Each structure stands twice: as structure tokens, then as C-alpha cells.
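The values are calculated or read from the model by the stated rules, or taken from the named source; none is laboratory data. The model shown is predicted, which means the values in this text are computed figures rather than measured ones. Don't worry about glycine lacking a Cβ; one is built from the backbone with ideal geometry, like all the others, and counts go over all protein chains shown.
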Amino acid sequence: MTKAAVLGAGAWGTTFAAVLADAGTEVSLWGRDAAVVSGINVDRRHERALQGLELPPGIEATTVMDDALAGADIVAVALPSQHVRAILAGHETALPESAIVTSLMKGIELGTHERMSEVLADVWSLPNERLTVVSGPNLAREIAAKQPTATVVAGYDADAAILLSEATASSYFRPYTNTDVVGVELCGAYKNIIAVAVGVAAGLGFGHNTTATVITRGLAEITRLGLALGATPETFSGLAGMGDLIATCASPLSRNHTLGAHIGRGASLDNAIALTGGTAEGVKTSLSVRELAATVNVDIPICDAVVAMLHEGKPKESVLQALLARPRKAEGV
């Protein structure tokens, strides 16, 4: 039987552990909170993150990371993107030599501009062939409730992607494999920024036309940056691109959309973070993506607008007006 370790017992990490267990994979789930770990082991529940949902058997939770890693064929990492390097440092000797390492995270590291798979490669000295990423329309609570969904498993090595897809495929979870790691990861990180922008528009009282405009132009923005970084064009119209963008921008389950809506209704960033009640990766990722885009001279007006509203104290109305006042051009440019 394939054995997997999932590092991070938040909503997505716990849900992915459930996906693996339902697919017949033996799972060890690491979390820092002893009460959460006990609830998973004793009651098969994580009431804080997945209230009212029962987890499948086959998941053993622990607060000792090295115990979770022992004997794992697959190691999936679901930690806050700006803290993963510090959390994982010092545990490289516990990582099995042949384990495939999977990033479930959706962010770009501040300062280094590295995607999460690149951070994992740095921390644990991993070659590309051992790295995979998972991204797609993956709202945790819906998947934990076993609602049908599909996702993308991307890897530089096709066999590694196939191993992970086989360890997760079930009656409700359908993985598709892909070799465009750059594009899949960029989509997963950038869509959170666009979801914040859509949330701001909703908080201001705008309707579906505005939402559709921001989503569509957001996809164009993501695609421009992705192509400049060497991604494959087809990725952006697929599950990891448009699929994930629609789910994250449209759903009230999206923390990034929720945070943006609080901002749109007048909350400060600190208050919006508190009201959202969880990590909205788009807040810090907007800064790192802006830095990354500058290195390849790509225009990213929606990301710039999110940075202006969240981090530079500029009024929402003036930022939106500046977006609409940009020079007119052909749509495909």
C-alpha cells in the first residue's frame, strides 16, 4: 500500500489527507495543534476547519513531523506559503530518500519570488523529478463533503505525477496529469489575487458584469506573466487556470474573495484578515507577484490595484477609476 504524509492540518491539508485515504492510501497527517490532532484521531473530525464533516478511516494524525514522514512514498505539504521554509527547516534528514514531494500550496515567496515547489527544492535539496504540484478548483469544504471535482497534478517527471494521481483518484476526485509545473503553480498563486479584486468589487455592490470582467482580464494578466516565465499556453484555459479562477472568485467559501468583500465594504486590512478567519494567500502574494512581474517587465494592472488597495492605503474608488481609465487597446494584447 502507498503511504503518504501530509504536512499541515488546516482545511486543505486535512481535506487532501481525506482524499488520499478515500483512494486507499495510508495517511499520516502532521499538525502543530494537539487538540486538532486529538480530534482527528479520536472523533474523526476537524471541527475548527471542516465543521460537521466526518473524516474517513485511514488517517493517523500526529504532532511530530518526523514520525509523519517516516516511510512515506508521497509527502504533501500544505503550509502557509510565507512560512513553509522556516517550518520545514531541520527535517530534511527525516524525508525518505525516494519520496515524491508535492506542493499543495498556492503562493509566491516574498523576496525570493520562488514558487512553492522551488522553495521545497531549496529546503530539502530535491531534484525536479521528485517534485509535483496540485492545483485546480479545489475548495476544501466541498471536497471534504465528497462533492465531485477534478484537479491537476503537475510534475517534471511524468511517472511522479502518475504516482500521485493514482494515490488520489476516487469516485469524487479526478486528477489530470500535466508537465507544466510553472504554469500550474503560477495559476494557483495568482488566482488568489484576482479573487481579492473580485471580492472588493462585490463588497462595493457591483454585479456580475464587473465580476466577469475582472475574472476574464485577470486570466489575461495571469497568462501574460506565465508565458513570460516559460509556461504552456494551454494551461491557462484548463482546470488549473480558468477552472480554479472561477471557483475561487465566485465562491463564498474562498477566503480571498471573502477578504476582498470585507475590504470593499470598508474594513481595514487588519480587520478584514480577522473577519476572514483564515489565511488569505492573495494578501502577501500580491506583493511577491508584483516583484516577480517586474523582473520580466510584464504589465499586471489588477495585481497592482490590489497592492494599492491593501498595502498602500489608496482609496478603492480611485484605484478602480484608474483601472477603467487605462489606455484602450485590442482585447488580445
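Might you check whether a residue that is aliphatic (A, V, I, L, M), crowded, with 16+ Cβ neighbours inside 10 Å, closer than 25 Å to Ser125 by Cα and touching a Leu at 6+ places or on another chain (Cβ under 6 Å) occurs anywhere in the range 43-62? Explain how you work it out, then say what you get.
First, the residues of the range 43-62 that are aliphatic (A, V, I, L, M): 49-50, 53, 55, 59, 61.
Now drop any that are not crowded, with 16+ Cβ neighbours inside 10 Å, which leaves 49-50, 53, 55, 59, 61.
Retained after the next criterion (residues that are closer than 25 Å to Ser125 by Cα): none.
Scanning the range 43-62 turns up no residue that is aliphatic (A, V, I, L, M), crowded, with 16+ Cβ neighbours inside 10 Å, closer than 25 Å to Ser125 by Cα and touching a Leu at 6+ places or on another chain (Cβ under 6 Å).
Being crowded, with 24+ Cβ neighbours inside 10 Å and either among the polar types (S, T, N, Q) or closer than 21 Å to Thr168 by Cα (or both) narrows it down to one of Ala21, Ala9, so name that one. First the steps, then the outcome.
On the way: Ala21 fails: crowded, with 24+ Cβ neighbours inside 10 Å.
Just one listed residue meets the conditions, Ala9.
When you scan the range 126-164, how many residues do you find that are acidic (Asp, Glu) and over 27 Å from His91 (Cα atoms)? Working first, answer last.
Our first condition is that a residue be acidic (Asp, Glu); within the range 126-164, this holds for 129, 142, 157, 159.
Adding the requirement that they be over 27 Å from His91 (Cα atoms) leaves 142.
Residues meeting the conditions: 1.
Read through the list (1) touching a strand residue (DSSP E or B) at 6+ places or on another chain (Cβ under 7 Å); (2) in a loop (DSSP other than H, G, I, E, B); (3) of a type outside the set (S, T, N, Q), then give the number of the only condition that Lys314 fails.
(1)
Residue-by-condition table, conditions (1) among the aliphatic types (A, V, I, L, M); (2) surrounded by fewer than 21 Cβ atoms within 10 Å (Cβ to Cβ); (3) not in a helix (DSSP H, G or I):
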residue	(1), (2), (3)
Phe236	no, no, no
Gly241	no, no, no
Gly266	no, yes, yes
Thr285	no, no, no
Leu292	yes, no, no
Val298	yes, yes, yes
Met309	yes, no, no
Ser318	no, yes, no
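So in the range 204-213, with the set limited to residues that are part of a helix (DSSP H, G or I) and not β-branched (Val, Ile, Thr), which one is surrounded by the most Cβ atoms within 10 Å (Cβ to Cβ)?
As a first pass, look at the range 204-213 and keep what is part of a helix (DSSP H, G or I): 208-213.
Of the ones still in play, those that are also not β-branched (Val, Ile, Thr) are 208-209, 212.
Values: His208: 9, Asn209: 9, Ala212: 12.
Residue satisfying both the conditions and the ranking: Ala212.
For His257, state whether it is out of contact with any His (no Cβ under 7 Å at 6 or more places or on another chain) and either β-branched (Val, Ile, Thr) or crowded, with 17+ Cβ neighbours inside 10 Å (or both). Steps first, please.
Values: out of contact with any His (no Cβ under 7 Å at 6 or more places or on another chain): yes; either β-branched (Val, Ile, Thr) or crowded, with 17+ Cβ neighbours inside 10 Å (or both): yes.
Yes: the conditions hold for His257.
Taking the stated definitions as given, is Glu97 closer than 24 Å to Thr2 by Cα, surrounded by fewer than 14 Cβ atoms within 10 Å (Cβ to Cβ), assigned by TED's automatic domain parsing to the domain that holds Gly24 and touching a strand residue (DSSP E or B) at 6+ places or on another chain (Cβ under 8 Å)?
So Glu97 does not fit the description; no.
For Ser28, indicate whether it is part of a helix (DSSP H, G or I) and among the polar types (S, T, N, Q). Steps first, answer last, please.
Details: part of a helix (DSSP H, G or I): no; among the polar types (S, T, N, Q): yes.
Answer is no for this residue.
Which numbered condition trips up Gly90, out of (1) over 21 Å from the mean Cα position of the chain (by Cα); (2) modelled with pLDDT of 95 or more; (3) more than 24 Å from Thr151 (Cβ to Cβ)?
(2)
With at pLDDT below 95 and assigned to a helix (DSSP H, G or I) as the only criterion, which of Ala201, Ala195, Ala167 stands out? Reasoning before the result, please.
Working: Ala195 fails: at pLDDT below 95; Ala167 fails: at pLDDT below 95.
Just a single option satisfies the conditions, and that option is Ala201.
Answer yes if at least one residue in the range 152-162 is in contact (Cβ under 8 Å) with a residue 24 or more places away in the chain, surrounded by fewer than 19 Cβ atoms within 10 Å (Cβ to Cβ), aromatic (Phe, Trp, Tyr) and in the same structural domain as Glu54 (by TED's automatic domain parsing), and no otherwise.
Quick first cut of the range 152-162, residues in contact (Cβ under 8 Å) with a residue 24 or more places away in the chain only: 152-157, 160-161.
With the extra rule that they be surrounded by fewer than 19 Cβ atoms within 10 Å (Cβ to Cβ), the set shrinks to 156-157.
Subset that is aromatic (Phe, Trp, Tyr): 156.
Filter once more, so that each one left must be in the same structural domain as Glu54 (by TED's automatic domain parsing): 156.
Looking for residues that are in contact (Cβ under 8 Å) with a residue 24 or more places away in the chain, surrounded by fewer than 19 Cβ atoms within 10 Å (Cβ to Cβ), aromatic (Phe, Trp, Tyr) and in the same structural domain as Glu54 (by TED's automatic domain parsing), one finds at least one in the range 152-162, hence yes.
Got a sec? Which of Gly52, Gly58, Gly39 is without any contact (Cβ under 8 Å) to a residue 12 or more places away in the chain and more than 21 Å from Thr279 (Cβ to Cβ)?
Values: Gly58 fails: without any contact (Cβ under 8 Å) to a residue 12 or more places away in the chain; Gly39 fails: more than 21 Å from Thr279 (Cβ to Cβ).
From the options Gly52, Gly58, Gly39, the qualifying one is Gly52.
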